[in-house]
Amino acid sequence: MLSGNPFILILGIFAFGIFFYLLRIRASKKQIESFEQPQRMKWSWLWLRFGKNKKESNIIEGESEEISEDEKK
Amino acid sequence: MSKHAALDTFGKSGNPVIRSSAFNASASAGSERMTLDGAVNKTAIMLAVLVSTATISWNFSGPLIDLVTLVGIFAAVVSSFITFGLWIPFIGFIVNPRPYLAPRTWLIFAAGEGFLIGSISLTFETMFPGIVLEAVSLTFCVAATLLFLYKSGLVKPSQNFVLMLCSAIFGIMLFYIGAFIYTLVTGTSPEILSGSSNFSIGLSLFVVGLAALSLVLDFDIIEQSAERGAPKYMEYFGAMALVTTLIWLYIEILRLLAKFRSR
């Protein structure tokens, strides 16, 4: 099993460590800012459209308008 | 007189359901959010489960282990379809994705995929000694490179990029299904798939490229979900997606190396 190219095997050990190190750190500012670009792929539909266990909110969304008592009169 | 009399009243309510810390505790528990660390930990756990079951199918043989392997692979395929759904270009989702099921399906998925990887790896290792660890090493080399490109912001998946990649993957999937049917009918695998000609190696390189680019989508799902405060189950979903692509990449690299060695 260990008869493969030793250079590739050592490289693989380093790559494994680098992979998990990079996976744990946050992406660069450039990447995070690109999330808001219009043509950028957005994945929020995964949990917004196909998510479950969304507790129904008792807050009615929309714009509220405050009516002063003077206007009523 | 205050204009917000009702708010004042509820705000000062003595009702324990509204005012107590119990209310706050349940609210925060229900809105548990995904973290990057959580997704990474789940990926590592899934890979550990995968390697464990792969070791079982590698080291043991016999009718019982064959049966367990078959059942495991079938269960992994079913759990993948349940979690990821099935998308077809220009039609849409035939099966809707259910990311909220990922916390229940990940273990079956990882264990089943492990059996698949174990049996495939053993077949290749028997033919070409040392090929498995080389393929594992190259898989992580490719994954680490793509991850660096993604994290640094050099690769940003746009909607067109995702559409083209998904269409190409769908095309390859159709090709593999066609090749499978051809093998069943004629009893021989098509030359382009199993041969070691330049064209066959070129096709393998193309598929490795597709698998590598698919990793970018998985990194993006994980990063965006964590950034946008997605629900906790997206940690499992992101990890499952990443492990699926790593497995695909590994198998394609394994086949590519085998083609190089058999020349």
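The values are calculated or read from the model by the stated rules, or taken from the named source; none is laboratory data. No experiment lies behind these values; they were computed from the predicted model shown. Heads up, the Cβs are rebuilt from the backbone with ideal geometry, glycines too, and the neighbour counts pull from every protein chain shown. Remember, those area values only see protein heavy atoms, side chains included, never the ligands or the DNA or RNA. Shrake-Rupley method; radii C 1.70, N 1.55, O 1.52, S 1.80 Å.
May I have the convex hull volume per residue, in Å³, for the Cα set of segment B:124-263?
On the way: hull volume 18.2 nm³, N = 140.
Hull volume over Cα atoms, normalised by residue count, gives 130 Å³.
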Self-check item: Per principal axis, descending, Cα span of segment B:138-217 in whole Å
Solution: 48, 26, 18
Exercise. Just reorder B:Val51, B:Val208 by solvent-accessible area, largest first, 1.4 Å probe, all chains present.
Key: B:Val51, B:Val208
Exercise. Amide H neighbours of B:Met34 under 5 Å, at least 5 residues apart or on other chains, H built in the peptide plane: list them.
Key: B:Ala230, B:Lys232
Quiz item: When only the heavy atoms of the protein chains count and the probe is 1.4 Å, how do B:Thr123, B:Thr183, B:Thr43 rank by accessible area, highest first?
Solution: B:Thr123, B:Thr183, B:Thr43
Quiz item: Ignoring ligands, DNA and RNA, how much accessible area is buried between chains A and B, both sides summed, with a 1.4 Å probe, to the nearest 100 Å²?
Solution: 4500 Å²
Practice problem: Please report the Cα spread of chain B along all three principal axes, rounded to whole Å, starting with the longest. | Solution: 90, 44, 35
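Arrange the residues A:Glu36, B:Glu252, B:Glu32 by how much accessible surface each exposes, largest first, with a 1.4 angstrom probe. Before the final figure, lay out each step's value.
Numbers: A:Glu36 130, B:Glu252 5, B:Glu32 105 Å².
From most accessible down to least: A:Glu36, B:Glu32, B:Glu252.
Could you give the C-alpha radius of gyration of segment B:53-191 expressed as a fraction of 2.2 N^0.38 Å, taking N as the number of residues it contains? Spell out each step's value before the answer.
Working: Rg = 18.0 Å, N = 139, 2.2 N^0.38 = 14.3 Å.
For segment B:53-191, the normalised Cα radius of gyration comes out at 1.25.
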Quiz item: Counting only other chains, what is the mean number of Cβ atoms within 10 angstrom of the Cβ of each residue in peptide B:230-238?
Solution: 3
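For chain B, what is the mean residue ellipticity at 222 nm derived from helices alone (per DSSP H run of n ≥ 4: -39500 (n - 2.57); sum divided by total residues; nearest 500 deg cm²/dmol)?
Values: 11 runs with 205 residues, N = 263.
When only DSSP H runs of four or more count, the value is -26500 deg cm²/dmol.
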Quiz item: Given a 1.4 Å probe and the protein chains all in place, what does the accessible area of B:Trp248 round to, in Å² to the nearest 10?
Solution: 60 Å²
Quiz item: So what is log10(I(q)/I(0)) for segment B:39-131 at q = 0.12, 0.21, 0.23 1/Å, when the Debye sum runs over its Cα atoms only?
Solution: -0.45, -0.99, -1.08
Quiz prompt | Spherically averaged projected area in nm², based on the convex hull that wraps the Cα atoms of segment B:34-88 | solution = 5.2 nm²
Exercise. Using a 1.4 Å probe on the heavy atoms of the protein chains only, list every residue of segment A:1-33 that has 50 Å² or more less accessible area in the complete assembly than in its chain alone.
Key: A:Met1, A:Ile8, A:Phe19, A:Phe20, A:Leu22, A:Leu23, A:Arg24, A:Lys30, A:Gln31
